[in-house]
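Trainee: So that we are looking at the same thing, I have put the structure below in structure tokens.
The values are calculated or read from the model by the stated rules, or taken from the named source; none is laboratory data. Predicted model, so just to flag it, every value in this text is computed and none were measured. Neighbour counts run over all protein chains shown; Cβ positions are idealised from the backbone, glycine included. Remember, those area values only see protein heavy atoms, side chains included, never the ligands or the DNA or RNA. Shrake-Rupley method; radii C 1.70, N 1.55, O 1.52, S 1.80 Å.
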Amino acid sequence: TKALQVMMTATEKAPKQCAALFRFGLLLNSKKQHAQSTKVFQTRLANCSDSNDTRVHILIGNNFFADSLVDSAIASYERALTISPKSMWATQLLGSAYLTKGDEVRGKVLLNAVIANGLTTTVESEKPYAIAAINSLNNADIKAKNFQGIVEHSKIGTQINPKNAMMWLFLGIGHQGTKNPEGARGAYEEVLK
């Protein structure tokens, strides 16, 4: 705790230490000190501009989201997308935030775009964002008892990552909800593998 206080003072005295500010913001985030992390990241944005700006806006959005400040999170994710319009991470988080806010139309459009990208991309690091987008849609579909939607999204998820146990679990739940015991059993067997 004392070290964090010393580091906070150091960031106020040396606000142009871009790498140190970035690492300190991440550290505060990992310690669940979201407001302090946001303050450090905002100091960094005010004094530094580099290729990490998109990531910093996303991390600020994540801090806001963790503190249930969904509108502020949305604004941060949108800022990230103005810098990097093709960021699948920012798009996925923005879509999930819109779903949380209750704006299903915008949320689903964004999440489906991330999923479509996950099906066609050759960049392996983008595929987890598609899986996260499917998780968000499936969670919304569980609340709405839309089991057919869960089946459809989860099948796509198993195409994107056939070894993702959560996609198979959701597929089993979807099949069970649509009264397809054989499909559910097969999906649950894949989870166990």
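Trainee: Confirm whether Ser37 is open to solvent by less than 70 Å² (accessible area, probe 1.4 Å), under 29 Å from Ala133 (Cβ atoms), touching a helix residue (DSSP H, G or I) at 6+ places or on another chain (Cβ under 9 Å) and hydroxyl-bearing (Ser, Thr, Tyr). Spell out how you get there, then give the answer.
Mentor: Values: open to solvent by less than 70 Å² (accessible area, probe 1.4 Å): yes; under 29 Å from Ala133 (Cβ atoms): yes; touching a helix residue (DSSP H, G or I) at 6+ places or on another chain (Cβ under 9 Å): yes; hydroxyl-bearing (Ser, Thr, Tyr): yes.
Criteria met by Ser37.
Trainee: Spot the failing condition for Phe170; the list is (1) open to solvent by 70 Å² or more (accessible area, probe 1.4 Å); (2) touching a Ser or Thr at 6+ places or on another chain (Cβ under 7 Å), and only one is missed.
Mentor: Unmet condition: (1).
Trainee: In the range 102-137, how many are among the basic types (Lys, Arg) and surrounded by fewer than 16 Cβ atoms within 10 Å (Cβ to Cβ)? Walk me through it before giving the result.
Mentor: Looking only at the range 102-137, we keep the residues that are among the basic types (Lys, Arg), and these are 106, 108, 127.
Filter again for surrounded by fewer than 16 Cβ atoms within 10 Å (Cβ to Cβ), leaving 106.
So the count comes out to 1.
Trainee: Here's something else I'd like to know. Just the residues that are open to solvent by 60 Å² or more (accessible area, probe 1.4 Å) and hydrophobic (A, V, I, L, M, F, W, C), please, taken from the range 1-25.
Mentor: Passing the criteria: Ala3, Val6, Met7.
Trainee: Against the conditions (1) of a type outside the set (S, T, N, Q); (2) open to solvent by 60 Å² or more (accessible area, probe 1.4 Å); (3) on the phi > 0 side of the Ramachandran plot, where does Pro85 fall short? Just the number, please.
Mentor: (3)
Trainee: Of a type outside the set (Gly, Ala, Ser), closer than 27 Å to Gly172 by Cα and in contact (Cβ under 8 Å) with a residue 12 or more places away in the chain: does that describe Asp71? Steps first, answer last, please.
Mentor: On the way: of a type outside the set (Gly, Ala, Ser): yes; closer than 27 Å to Gly172 by Cα: no; in contact (Cβ under 8 Å) with a residue 12 or more places away in the chain: yes.
Considered against the rule, which asks whether it is of a type outside the set (Gly, Ala, Ser), closer than 27 Å to Gly172 by Cα and in contact (Cβ under 8 Å) with a residue 12 or more places away in the chain, Asp71 comes out as no.
Trainee: Taking the range 138-151 on its own, how many of its residues are of a type in the set (D, E, K, R) and either open to solvent by less than 50 Å² (accessible area, probe 1.4 Å) or free of Cβ contacts under 8 Å to residues at least 12 places away in the same chain (or both)?
Mentor: Initial filter on the range 138-151 (of a type in the set (D, E, K, R)): 141, 143, 145.
Then keep just the ones that are either open to solvent by less than 50 Å² (accessible area, probe 1.4 Å) or free of Cβ contacts under 8 Å to residues at least 12 places away in the same chain (or both); that gives 141, 143.
Looking only at that region, the number is 2.
Trainee: Here are Ser49, Ser76: which of them is assigned to a loop (DSSP other than H, G, I, E, B), under 23 Å from Met8 (Cα atoms) and among the polar types (S, T, N, Q)?
Mentor: Working: Ser76 fails: assigned to a loop (DSSP other than H, G, I, E, B).
Result: Ser49 is the single residue among Ser49, Ser76 that is assigned to a loop (DSSP other than H, G, I, E, B), under 23 Å from Met8 (Cα atoms) and among the polar types (S, T, N, Q).
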